[in-house]
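Just so it is clear, none of the values below were taken in a lab; they were calculated from the coordinates. Here the structure is a predicted model, which means the values were calculated and not measured. Cβ coordinates were reconstructed from backbone atoms using ideal geometry, including for glycine residues, and neighbour counts include every protein chain displayed.
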Amino acid sequence: MTLLVDSSVWIDYLNGQRTPQTDYLDRTLGRREIVVGDLILAEVLQGFRRQKDFQAAREALLKFPLVEMVGIQMALKSTEHYRALRKRGLTVRKTIDALIATFCIAEDLEFLHSDRDFDPFAKHLGLRVVSP
């Protein structure tokens, strides 16, 4: 099964921070298909201050297959997920997280993250999360 890695993990990984998620990513590289979503690419790359670091990260991420994550249908499905969670009394803090989770659910991708905002999507909506 294809894996989508969240910006929360890529940022830690590219900054050399060791976490269970970055260790899993490191072990997984070259062993299974990993895709990079356009939203995640933007989130990761916009955080670099130094051009040298930006270029290195850009080059590394562009080696993976890239996927376009948002279109009209995905945006509509994302709002359904957002509203379903809100009806359960759960607040999704960031629209981009709802879009990313919805994409993974719709495309049946496994998802590696270190951001608790995705937990309700896993618990209530079927997001397949890798738990290293």
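In table form, for the structure just shown:
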{"quantity": "Evaluation of GLY30 against (1) buried (at least 19 other Cβ atoms within 10 Å of the Cβ); (2) more than 19 Å from ILE100 (Cβ to Cβ); (3) small (Gly, Ala, Ser) (one fails), failing number", "calculated": "(1)"}
{"quantity": "Filter result (among the β-branched types (Val, Ile, Thr) and in contact (Cβ under 8 Å) with a residue 24 or more places away in the chain) within region 16-34", "calculated": "THR19, THR28, ILE34"}
{"quantity": "Residue that is farthest from LEU41 (Cα to Cα) [pool: residues in region 90-109 that are surrounded by 17 or more Cβ atoms within 10 Å (Cβ to Cβ) and touching a residue at least 60 places away in the same chain (Cβ under 8 Å)]", "calculated": "LEU109"}
{"quantity": "Scan of region 112-131 for residues that are in a loop (DSSP other than H, G, I, E, B) and hydrophobic (A, V, I, L, M, F, W, C), ordered by number", "calculated": "LEU127, VAL130"}
{"quantity": "Pick from region 57-82, criterion over 26 Å from LEU125 (Cα atoms) and touching a residue at least 40 places away in the same chain (Cβ under 8 Å), ranking: surrounded by the fewest Cβ atoms within 10 Å (Cβ to Cβ)", "calculated": "ALA60"}
